[in-house]
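Reviewing the structure listed below.
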Amino acid sequence: MDKAYLVLSDGSVFAGKRIGAPGDCVGELVFATGMVGYLETLTDPGYAGQIVMQTFPMIGNYGVMEADFEGDCALRGYVVRELCADPSNFRSQYDLDTFLKNKGIPGICGLDTRVLTTRIREQGVMNAAIVSELPADLEAISAYRVSGEVEKVSRKETEIFPAEGEQKYRVALLDFGARRSLIRALTSRGCEVVAMPHDTSADDILACWPDGLVLSDGPGDPAENEAAVAQIARLIGMKPIFGIGLGHQLLALAQGGRTYKLPVGHRGDNQPVRDLVTGRTVITSQNHGYCVDAESLRDVGTERWQNANDGTCEGMEYPGCFSVQFTPEACTGARDTQKLMERFIDMMGGND
């Protein structure tokens, strides 16, 4: 392996070995805490524009199975402590280094990811670069911003996914970076899914005669999506709406609320969330760096879910619609919140 460097925007330099594709990259450095699910992380469109560091020390031990991909690989770089070169899994098609090369993703291994994680937790997420030679200055790294990623990862044309078995519902899915597991979770429950680009108008959404609308997860700052927020606002009260991840944030903005950036964010499949109605705590899968300000919505909605670690908003209830910050279809991760999919199904009432 050739030598490589991870250079942070604060000037810190970490030496390691290059993995993946040749070439340098710049992105927002974030960490994901899952012990498994590296394939789902690598193919989650919600990581677009970011360099992802895995906190689990060995990555790649069960290889690559393309059936487990959540979408197209959209992240900018990959950081691991140790990359397994010889995976052991009867389903494995090839190793993770080959995947990174095929997708054009530069990576680095051999770093102390514990030190890096501590640095981010104490100082907040920061920009970084994976390079072969140390840069003369940090200007390009410091100037980088995650912007315009929803347009890149959203589908470009409407696509219909038939229900498994008897069709009971038709769901319009507004795609801001939808994971394939979300579509599977809906079709397996008797829903025909009409997946639409992020910039689809409210009129075109209603023209497909849906029983309900799902706002998908996705990358970046929710406040960038002003046009989508305006269309969502037109649909409130017309159909049941279920917002997930970025969709949760966009629904809040459409209701007149505010969002803000978290110092670190929540990424991984082991995030504890408390149900404020029942008092029960569940383990969830998440990937986000922005949060809904629940106080800004107190006149139109009620905070239902809250992060058990930092007390931030994880879900809202509104008349005729609701939203959560985490991923209820849970692929990978705990399955504690799959009942929320059933709740959305119940809200639609079916095709009479």
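The values are calculated or read from the model by the stated rules, or taken from the named source; none is laboratory data. For clarity, every value in this text was computed on a predicted model and none was experimentally measured. We place every Cβ from the backbone using ideal geometry, glycine too, and count neighbours over all the protein chains shown. SASA here: full protein model, heavy atoms, side chains in, ligands and nucleic acids out. Shrake-Rupley method; radii C 1.70, N 1.55, O 1.52, S 1.80 Å.
Some observations on this one:
- Looking across Glu70, Glu82, Glu40, one residue alone is among the charged types (D, E, K, R) and open to solvent by less than 10 Å² (accessible area, probe 1.4 Å). It is Glu70.
- Answer residue from segment 267-312, given it is of a type in the set (D, E, K, R) and open to solvent by less than 20 Å² (accessible area, probe 1.4 Å) and is farthest from Ala233 (Cα to Cα) among those: Arg267
- Within segment 292-329, the residues that satisfy the criterion of being under 17 Å from the mean Cα position of the chain (by Cα), within 18 Å of Leu253 (Cβ to Cβ) and in contact (Cβ under 8 Å) with a residue 60 or more places away in the chain are Gly315, Ser323, Val324, Gln325.
- Criterion violated by Lys168 - all others in (1) surrounded by fewer than 20 Cβ atoms within 10 Å (Cβ to Cβ); (2) touching a strand residue (DSSP E or B) at 6+ places or on another chain (Cβ under 6 Å); (3) within 26 Å of Phe326 (Cβ to Cβ); (4) of a type outside the set (S, T, N, Q) satisfied: (2)
- Checklist (1) under 23 Å from Thr33 (Cα atoms); (2) under 24 Å from the mean Cα position of the chain (by Cα) applied to Ala172, failing item: (1)
- Elements of type strands (runs of 3 or more DSSP E) contained in segment 113-202, each with 3 or more residues being modelled with pLDDT of 95 or more and either in contact with a Gly (Cβ under 8 Å, 6 or more places away or on another chain) or among the small types (Gly, Ala, Ser) (or both): 126-131, 169-174
- Segment 221-243, subset in a loop (DSSP other than H, G, I, E, B) and either touching a Gly at 6+ places or on another chain (Cβ under 7 Å) or of a type in the set (S, T, N, Q) (or both), residue farthest from Leu42 (Cα to Cα): Gly237
- Flag for Leu100 being open to solvent by less than 10 Å² (accessible area, probe 1.4 Å), touching a strand residue (DSSP E or B) at 6+ places or on another chain (Cβ under 7 Å), assigned to a loop (DSSP other than H, G, I, E, B) and at negative phi: no
- Filtered by the rule that a residue be open to solvent by less than 20 Å² (accessible area, probe 1.4 Å) and under 20 Å from the mean Cα position of the chain (by Cα), segment 194-224 gives Ala195, Met196, Pro197, Leu213, Val214, Leu215, Ser216, Asp217, Gly218, Pro219, Pro222.
- One residue stands out in segment 1-37 among those that are under 30 Å from Glu329 (Cβ atoms), open to solvent by 10 Å² or more (accessible area, probe 1.4 Å) and of a type in the set (Val, Ile, Thr): the one that is modelled with the lowest pLDDT, namely Val36.
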